[in-house]
Amino acid sequence: MNAGEVLQDLQHRHHSDTTELDAQLILAHGMGFSRTHLLAHLDAPLTPPQLDSVHAAFARLEAGEPLPYILGHWEFYGLDLDVTSDVLIPRPETELMVEKAIKWLGNSPERRTVADVGTGSGAIAIAIAMHIPGVRILATDISYDALKIARHNAKKFHVDHRINFLQCDLFPQHTDSLPTDSHFDLICANLPYIPTTTLHELPIFGREPTLALDGGTDGLDLYRHLLEIAPDWLAPNGMMLLELEATQGIKALSLAYDKFSEATINLQQDMAGRDRLLEISLH
C-alpha cells in the first residue's frame with residue numbers, strides 16, 4: 001500500500017475523534033517523513049514494519065494517549081521539542097509568557113539573569129535562551145525525570161551552556177551552585193494550576209503527569225508558596241511572569257498585591273481573551 005491508500009484506510013477505519021491532521025502526522029512519523037514531505041509523496045509505498053508501526057501508533061491514540069507522546073516531539077514557539085510522558089505537553093498559551101519575557105529582556109540589555117521555575121520540558125528557558133544572547137538561566141523542577149528531558153532539549157538547541165538545571169522545589173535551599181548572585185532580573189513560572197477536583201474531571205487526568213497539573217484545592221497552592229519566597233529572589237526593578245488557569249486571575253492578583261504592595265501588577269489575556277498571565281514589575 002502507498003501512503004495515500006494507508007491514509008484513506010486509517011481515516012475510514014479509525015473514525016473516532018482522530019482528525020485528518022493527526023492521521024497525517026502519525027503516518028509521516030511512521031514513515032520517517034515530515035508532514036509536508038508526506039503530502040508531496042502520497043504515492044510512496046510503506047514497508048510492512050512501517051505499516052505495523054503506523055497501526056500501533058493509531059491504537060495508542062485511540063486508547064487516549066496524547067499525540068505528542070506518541071510522536072515523541074511537539075512544537076513550541078517555533079522549536080521542535082522532544083517530549084515524553086514525564087513532562088507536560090507545551091501549550092500555545094504559554095507562548096504569551098515567552099513573548100513578554102523576550103520583549104522585556106530585549107528592551108533591557110543590562111538584565112540577563114532569569115529563573116524558569118517548574119521548567120518541565122525546558123520550553124520556556126530554551127525559547128528565551130534562543131532569542132536573548134548572553135542570558136543566564138536557572139531552570140528548576142521537582143521532577144528529576146522532567147529535568148532529564150529539559151537538559152536533552154537544551155543540548156539539542158545548543159543552549160545548555162547558558163542554562164543551569166537544578167532539581168528542587170521552586171527555588172534551591174542553598175545558593176552556592178547558582179550561576180548568579182541568587183537574585184534574578186526575571187522570574188518565569190508555569191506551575192501546576194488546575195484545582196484538584198477539576199483535574200480529576202478532565203480528559204488529561206492520568207494521561208499527562210499529575211505532578212505538573214495538580215495545583216491543590218483552588219489551583220493556587222504553589223503560587224502562594226512562590227509569592228511568599230519570591231521577594232528574596234527577585235532583583236530590584238525585576239519582573240515576574242506567572243501563567244494562570246483562566247478562572248484564577250482576580251484571586252491571583254489579590255495574592256500578588258499582598259506580597260508586592262509597591263509593584264505594578266497586571267493581568268494579561270491570552271488569544272481567547274481569558275486571564276492567562278500575571279505580570280509583576282518592581283520599581
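The values are calculated or read from the model by the stated rules, or taken from the named source; none is laboratory data. Quantities reported herein were computed from a predicted structural model and do not represent experimental measurements. Glycine gets a Cβ as well: all are built from the backbone with ideal geometry, and neighbour counts include every protein chain shown.
Evaluate the following for residue 165: is it over 15 Å from residue 89 (Cα atoms) and either part of a loop (DSSP other than H, G, I, E, B) or outside the structural domain of residue 275 (by TED's automatic domain parsing) (or both)?
In short, no.
Checking residue 192 against (1) within 28 Å of residue 247 (Cβ to Cβ); (2) at pLDDT 95 or above; (3) within 15 Å of the chain's Cα centre (by Cα), which single condition isn't satisfied?
All conditions pass for residue 192, except number (2).
Return the only residue of 58, 33 being buried (at least 19 other Cβ atoms within 10 Å of the Cβ) and not β-branched (Val, Ile, Thr).
58
Could you tell me whether any residue of the range 86-96 is in contact (Cβ under 8 Å) with a residue 24 or more places away in the chain and touching a His at 6+ places or on another chain (Cβ under 9 Å)?
no
Step by step: first the residues of the range 206-238, then only those that are part of a helix (DSSP H, G or I) and of a type in the set (D, E, K, R), then the one that is surrounded by the fewest Cβ atoms within 10 Å (Cβ to Cβ). Which residue is that?
232
Can you pull out every residue in the range 120-141 that is at pLDDT 95 or above, part of a loop (DSSP other than H, G, I, E, B) and either over 22 Å from residue 103 (Cα atoms) or small (Gly, Ala, Ser) (or both)?
Those that are at pLDDT 95 or above, part of a loop (DSSP other than H, G, I, E, B) and either over 22 Å from residue 103 (Cα atoms) or small (Gly, Ala, Ser) (or both): 120, 121, 122.
Any idea which of 118, 134 is on the phi > 0 side of the Ramachandran plot and free of Cβ contacts under 8 Å to residues at least 40 places away in the same chain?
134
Residue 184 fails exactly one of the following numbered conditions: (1) touching a Ser or Thr at 6+ places or on another chain (Cβ under 6 Å); (2) of a type in the set (A, V, I, L, M, F, W, C); (3) surrounded by fewer than 21 Cβ atoms within 10 Å (Cβ to Cβ). What is the number of that condition?
Going through (1) touching a Ser or Thr at 6+ places or on another chain (Cβ under 6 Å); (2) of a type in the set (A, V, I, L, M, F, W, C); (3) surrounded by fewer than 21 Cβ atoms within 10 Å (Cβ to Cβ) one by one, residue 184 breaks only (3).
Which of the following residues is in the same structural domain as residue 224 (by TED's automatic domain parsing), at negative phi and of a type in the set (Gly, Ala, Ser): 59, 125?
Exactly one of 59, 125 is in the same structural domain as residue 224 (by TED's automatic domain parsing), at negative phi and of a type in the set (Gly, Ala, Ser), namely 125.
Every residue in the range 242-274 that is buried (at least 18 other Cβ atoms within 10 Å of the Cβ) and in a helix (DSSP H, G or I), please.
Those that are buried (at least 18 other Cβ atoms within 10 Å of the Cβ) and in a helix (DSSP H, G or I): 249, 252, 255, 256.
Determine which single condition residue 81 fails, assuming it passes every other condition in (1) modelled with pLDDT under 95; (2) under 11 Å from the mean Cα position of the chain (by Cα).
Among (1) modelled with pLDDT under 95; (2) under 11 Å from the mean Cα position of the chain (by Cα), residue 81 violates only (1).
Being at pLDDT 95 or above, surrounded by fewer than 21 Cβ atoms within 10 Å (Cβ to Cβ) and outside any helix (DSSP H, G or I): is that true of residue 158 here?
So residue 158 passes the test.
Tell me which residues, restricted to the range 128-150, are surrounded by 21 or more Cβ atoms within 10 Å (Cβ to Cβ) and charged (D, E, K, R).
The one that is surrounded by 21 or more Cβ atoms within 10 Å (Cβ to Cβ) and charged (D, E, K, R): 141.
Yes or no: residue 278 more than 18 Å from the chain's Cα centre (by Cα), hydrophobic (A, V, I, L, M, F, W, C) and modelled with pLDDT of 95 or more?
no
For (1) within 26 Å of residue 208 (Cβ to Cβ); (2) in contact with a Phe, Trp or Tyr (Cβ under 7 Å, 6 or more places away or on another chain); (3) of a type outside the set (A, V, I, L, M, F, W, C), each residue gets a yes or a no:
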{"position": "94", "(1), (2), (3)": "yes, no, yes"}
{"position": "106", "(1), (2), (3)": "no, no, yes"}
{"position": "112", "(1), (2), (3)": "no, no, yes"}
{"position": "122", "(1), (2), (3)": "yes, no, yes"}
{"position": "126", "(1), (2), (3)": "yes, yes, no"}
{"position": "134", "(1), (2), (3)": "no, no, yes"}
{"position": "158", "(1), (2), (3)": "no, no, yes"}
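For the range 73-93, which positions are in contact with a Lys or Arg (Cβ under 9 Å, 6 or more places away or on another chain) and either closer than 18 Å to residue 246 by Cβ or of a type in the set (Asp, Glu) (or both)?
80, 82, 86, 93
If you take the residues in the range 97-115 that are free of Cβ contacts under 8 Å to residues at least 40 places away in the same chain and surrounded by fewer than 17 Cβ atoms within 10 Å (Cβ to Cβ), which one is farthest from residue 236 (Cα to Cα)?
Checking each candidate, the answer is 99.
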